[in-house]
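First the structure, in the form of structure tokens, and then the observations on it.
The values are calculated or read from the model by the stated rules, or taken from the named source; none is laboratory data. The structure presented is a predicted model; accordingly, all values stated were derived computationally and were not measured. Cβ coordinates were reconstructed from backbone atoms using ideal geometry, including for glycine residues, and neighbour counts include every protein chain displayed.
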Amino acid sequence: MKQRRVTMQDVADAAHVSKTAVSFAFNDSSRLSEATLRHILAVAEELGYTQNPAGRMLRTRKTSSLGLLLPQQLDLVLTNPYYTQFLQGVGQTCHREGYTLLLAPPLRGSMLKAIPYAAVDGFMVSGLESDRGEVAALRQRGIPFVLVDSEPVAGVPSVEIDDTEGIQTLVEHLLDLGHRRIAVLSFETGVGDDWRHWHGPVKRRLLGVEAALERRGLALAEPGVRVVQVPCTRHGGEIGFEEVWADPEQRPTAIVCFSDIIAFGVLDAAARAGARIPEDLSVTGFDDLDEAHSSRPSLTTVRQPIETKGRLAADYLVEAITSDARDPEARQMRLHTALLLRDSTAPPRG
């Protein structure tokens, strides 16, 4: 027979206190003496009492949970080590501040639709390239939120990196080596190939490519420069390599990938095609994931402080949740990057 759930009244009866005192012990312990609090908690533990989380949320209007609103479906996110490092930073704050974490992928392809179904005290919104109503919806619901790698919004806390500077330094390195036939594998944008309509990190990174070219008197429209959108996955890198490598007369001497995970796919596909890295083709990434150091060859990439970014995003969100001010000053942080030269780049042949 199913055992009856221990209730708050059971704890009150066994501890010889009121039900209100038991409620205070779990929800507002400052209203009890230390001796009474210890006594009630000991009795509750002996009886096996645990609070009903749904009931607690209704009473306190708090979930003690932070939400991470994701730009991709969960199965794709979990294949990208970038999010592993980002969540390590978030986890440090959750552990320190006593929060759990809820991952909220797009619902039926929409980040906006996922918002009402997540029982959280606030959101970290990751990779929102352009606001399609998410910011307005969060503001309308009065939910604290922090933007991560998104277009900055006045009055909203945010954490981002200097994408333009990072990729510009990388492309200048390739140009210094002598490369002029360069393929750029960018994230899919969903807004077509006219990059003037792009937004967010993908736009900032392409501006960095353009700035590096312009310093050499070149342009994105050069015959030897090609920009291809691919999924931000390892398979996306394989697809991108196969597209730019298909015509022997138009093959690039260098491929600039907007993420390490794309670059790993390029390395995989290049190996299958018999293309030697870096003798036949230089390959670069962006992130400095753990595999970038151990890949063969090791990957030239741009390091960004991913774990720090996650920790700061969670810190800012907890600050927004717990702030007594109605309009706390939004903290907006832009972190710097660093170019790491490894074995996957070299001067072009000939």
Which condition number does residue 325 fail, the rest of (1) loosely packed, with under 13 Cβ neighbours inside 10 Å; (2) modelled with pLDDT of 95 or more being met?
(2)
Return the residues of region 239-261 that are surrounded by 20 or more Cβ atoms within 10 Å (Cβ to Cβ) and acidic (Asp, Glu); say none if nothing qualifies.
260
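Any idea which of 278, 223 is in a loop (DSSP other than H, G, I, E, B), touching a residue at least 12 places away in the same chain (Cβ under 8 Å) and on the phi < 0 side of the Ramachandran plot?
Only one candidate passes the filter, namely 278.
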Subset of region 9-59, residues surrounded by 11 or more Cβ atoms within 10 Å (Cβ to Cβ), modelled with pLDDT under 80 and part of a helix (DSSP H, G or I), comes to 26, 27, 29, 53, 56, 57, 59
Could you please give the count of residues in region 272-299 that are more than 30 Å from the chain's Cα centre (by Cα) and acidic (Asp, Glu)?
2
For region 120-152, which positions are at pLDDT 85 or above, in a loop (DSSP other than H, G, I, E, B) and either under 18 Å from the mean Cα position of the chain (by Cα) or not β-branched (Val, Ile, Thr) (or both)?
120, 121, 142, 144, 149, 150
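Listed here are the residues, each with its yes/no results for (1) closer than 30 Å to residue 295 by Cβ; (2) touching a helix residue (DSSP H, G or I) at 6+ places or on another chain (Cβ under 7 Å).
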site: 81; (1), (2): yes, yes
site: 90; (1), (2): yes, yes
site: 93; (1), (2): no, yes
site: 98; (1), (2): no, no
site: 108; (1), (2): no, no
site: 115; (1), (2): no, yes
site: 125; (1), (2): no, yes
site: 135; (1), (2): no, no
site: 152; (1), (2): no, no
Out of curiosity, is residue 287 touching a Lys or Arg at 6+ places or on another chain (Cβ under 8 Å), closer than 28 Å to residue 87 by Cβ and not assigned by TED's automatic domain parsing to the domain that holds residue 87?
yes
From the set of residues in region 60-78 that are modelled with pLDDT of 75 or more and either of a type in the set (D, E, K, R) or surrounded by fewer than 16 Cβ atoms within 10 Å (Cβ to Cβ) (or both), which is farthest from residue 124 (Cα to Cα)?
75
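Return yes when residue 302 is modelled with pLDDT of 95 or more, over 18 Å from the mean Cα position of the chain (by Cα) and of a type in the set (A, V, I, L, M, F, W, C) and no when it is not.
For residue 302, the condition - modelled with pLDDT of 95 or more, over 18 Å from the mean Cα position of the chain (by Cα) and of a type in the set (A, V, I, L, M, F, W, C) - is not met.
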Looking at (1) buried (at least 17 other Cβ atoms within 10 Å of the Cβ); (2) among the basic types (Lys, Arg); (3) within 30 Å of residue 250 (Cβ to Cβ), which one does residue 311 not meet, given that it meets all the others?
(3)
So the check is Cβ under 9 Å with 6+ separation or different chains; which pairs have a first residue in region 171-194 that's closer than 17 Å to residue 234 by Cα and not assigned by TED's automatic domain parsing to the domain that holds residue 223 and a second one that's at pLDDT 85 or above and of a type in the set (S, T, N, Q)?
none
